Structure formats: C-alpha cells, structure tokens
Amino acid sequence: MKKEYLRLDNVDGSLIQLSGLHRVRYGEIVSITNRDTKEILVGRVIGINDDAATVQVFGESMGVSTENLNVVFEGRPFEIPLSPEILGRRFSGIGRAIDKGGPVYSDKFYNVNGQPMNPVAREYPRNFIQTGIRGIDSVMTLIRGQKLPIFSGAGLPHNELAAQIVRQADVSDEGESGDFAVVFCGMGLKREVASFFTDSFMEAGVMDKVVIYMNYADDTIMERIIAPKCALTAAEYLAFEQHKHVLVIMTDMTSYGESL
C-alpha cells in the first residue's frame with residue numbers, strides 16, 4: 001500500500017479530483033476515509049492526466065468534501081475474495097455481502113479484470129445445458145461455453161423467464177448435476193424485481209447452488225459497471241478452481257449499456 005502527497009481539488013457527486021500524484025495507475029483502488037463520520041469508501045482511478053487523477057467512488061459520497069478526506073492509493077486493482085462458501089450467498093455489485101452471512105473470509109483475492117485466455121486452446125462446445133424450456137432446448141439450444149441472449153420488450157415476462165431458467169437449468173450428462181452452479185448478476189434492478197428473483201430461487205430450493213451479485217437501480221453507476229466483472233470472476237473461480245459447470249445469467253443488459 002502506498003500513500004501519496006496530493007491535493008484534493010474538487011468533489012463532484014461520486015467523482016473526486018486529485019493532483020500532486022506520481023506512480024498512479026489506471027484502475028488502481030483508492031481507500032477514502034471521511035474524517036468526520038469515520039466512514040471508509042472505496043474508489044477507483046478512472047482518469048489520469050499528468051500528475052492529476054479522477055477517482056470514481058463506489059457508493060454514496062454525500063457529505064464528502066475536500067476538507068474532510070484521507071486518501072490512500074493501495075497500489076492494486078479491484079479484487080474480491082472468493083471461496084466455495086459463496087454459493088447460496090448474495091453480494092452487492094462490488095462483492096460485499098448483503099445477506100446475513102457476513103463477509104467472505106479467504107486467503108485468495110481475485111482481480112475482477114480477469115486473465116487473458118487463449119481461444120485456440122478452448123475445447124469446442126458440444127454439450128448442452130438443459131433449461132427445461134421447450135423453445136430454448138429444442139430451437140435455441142444453450143450450449144456449454146456459449147452465450148444465449150434473450151431480447152425482450154416492455155410488458156413481456158423476461159424476468160420470469162430468467163428466474164425459470166435458474167430454477168430448472170441442469171447439465172445434461174447423467175451424474176453431473178451436483179457439480180452445477182448458477183451465477184446471477186442483476187444490474188440496475190428495482191428492489192421489488194431483485195426480491196422477486198431471490199424469492200423465486202428460495203421457493204424452488206435452488207438457492208444453495210446460486211450466487212447472486214445484485215446492483216440496485218438506486219446504486220451508483222460505477223458499481224453497475226463493475227458488477228458483471230465480479231460475477232464473471234466468481235464464475236471463472238467456480239469453473240476453473242472448483243471444477244463446476246457454471247451458468248451465468250445477467251440482467252438487465254440495457255441498464256448496463258446505459259451506465260456505460
């Protein structure tokens with residue numbers, strides 16, 4: 001962790017302008033402490049210009065000013081702790097627990113920006129994931145390792161369809177169902193819609209194989225942008241280190257696109 005001698009030039013909503021910096025990298029994580037409330041916020045460098053940087057704060061930065069901040073640049077990208085116990089849990093868009101299970105304790109932290117992969121070394125997708133929905137399984141078959149976009153419009157039951165896929169989805173090969181997991185990522189969802197998904201998974205008895213990363217409509221845009229990265233990092237962890245078949249469901253991509 002490195003401390004910088006800097007000047008706080010401006011605070012505008014969730015953006016903080018700093019200058020007098022050196023050796024600061026794009027995407028670096030920043031720890032921001034409000035000296036008045038002792039609240040600790042997390043930010044990320046999203047812009048660099050000579051010795052100045054723009055930091056985007058995750059969460060609400062109300063009450064923050066240039067007079068009451070301590071800022072520490074941590075010299076690392078955004079990382080989340082992961083362990084097998086994440087299944088059955090609910091997290092915010094930045095990977096913080098929002099259920100009553102407490103934080104995830106792990107000796108491993110994973111960079112949400114991911115690692116480069118060699119597409120040539122990839123196995124050709126052949127096996128399918130059974131969703132239990134006739135139109136998908138017979139016409140638009142969901143193949144392991146591929147994407148299935150579902151386009152919808154106002155008034156159509158796309159949320160119900162996504163929840164049904166989570167409740168029913170399973171690998172097709174006999175004896176592999178215990179190695180199946182679902183990562184659900186909500187982006188910019190209204191709270192009643194988010195509650196609908198969680199309640200549906202619990203009622204169907206599948207919550208123990210689901211991990212949820214939820215960004216609400218009233219959460220910050222920056223958290224909405226990083227939420228799918230957290231979800232995909234968890235999916236890669238479950239697939240490559242826990243050797244599970246993983247289905248990732250992300251909604252609403254329109255909300256994500258607007259946040260960009």
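Couple of notes before you dig in:
- One residue from Ala217, Ala204, Ala234 being more than 13 Å from Ile86 (Cα to Cα), modelled with pLDDT of 90 or more and either small (Gly, Ala, Ser) or surrounded by 22 or more Cβ atoms within 10 Å (Cβ to Cβ) (or both): Ala217
- Within region 19-34, considering residues that are hydrophobic (A, V, I, L, M, F, W, C) and either touching a Ser or Thr at 6+ places or on another chain (Cβ under 6 Å) or in a loop (DSSP other than H, G, I, E, B) (or both), the one modelled with the highest pLDDT: Val24
- Listed by position, the strands (runs of 3 or more DSSP E) enclosed by region 175-260 that each have at least 1 residues that are small (Gly, Ala, Ser) and touching a helix residue (DSSP H, G or I) at 6+ places or on another chain (Cβ under 8 Å) are 180-189.
- Given (1) within 13 Å of Val183 (Cβ to Cβ); (2) in contact (Cβ under 8 Å) with a residue 40 or more places away in the chain, number of the condition Ala239 does not satisfy: (2)
- Note on region 129-144: residues that are open to solvent by 60 Å² or more (accessible area, probe 1.4 Å) and either within 21 Å of Ala181 (Cβ to Cβ) or aliphatic (A, V, I, L, M) (or both) amount to 3.
- Count of residues meeting criterion [surrounded by fewer than 18 Cβ atoms within 10 Å (Cβ to Cβ), modelled with pLDDT of 85 or more, closer than 28 Å to Gly188 by Cβ and not charged (D, E, K, R)] in region 59-94: 4
Listed here are the residues, each with its yes/no results for (1) farther than 22 Å from Asp219 by Cβ; (2) small (Gly, Ala, Ser).
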residue	(1), (2)
Ile16	no, no
Ser19	yes, yes
Tyr26	yes, no
Ser31	no, yes
Asn34	no, no
Thr54	no, no
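The values are calculated or read from the model by the stated rules, or taken from the named source; none is laboratory data. Values in this document were obtained by computation on a predicted structure and should not be read as measured data. Neighbour counts run over all protein chains shown; Cβ positions are idealised from the backbone, glycine included. The protein model used for the area step is the full one, side chains on, heavy atoms only, and it has no ligands, DNA or RNA in it. Shrake-Rupley method; radii C 1.70, N 1.55, O 1.52, S 1.80 Å.
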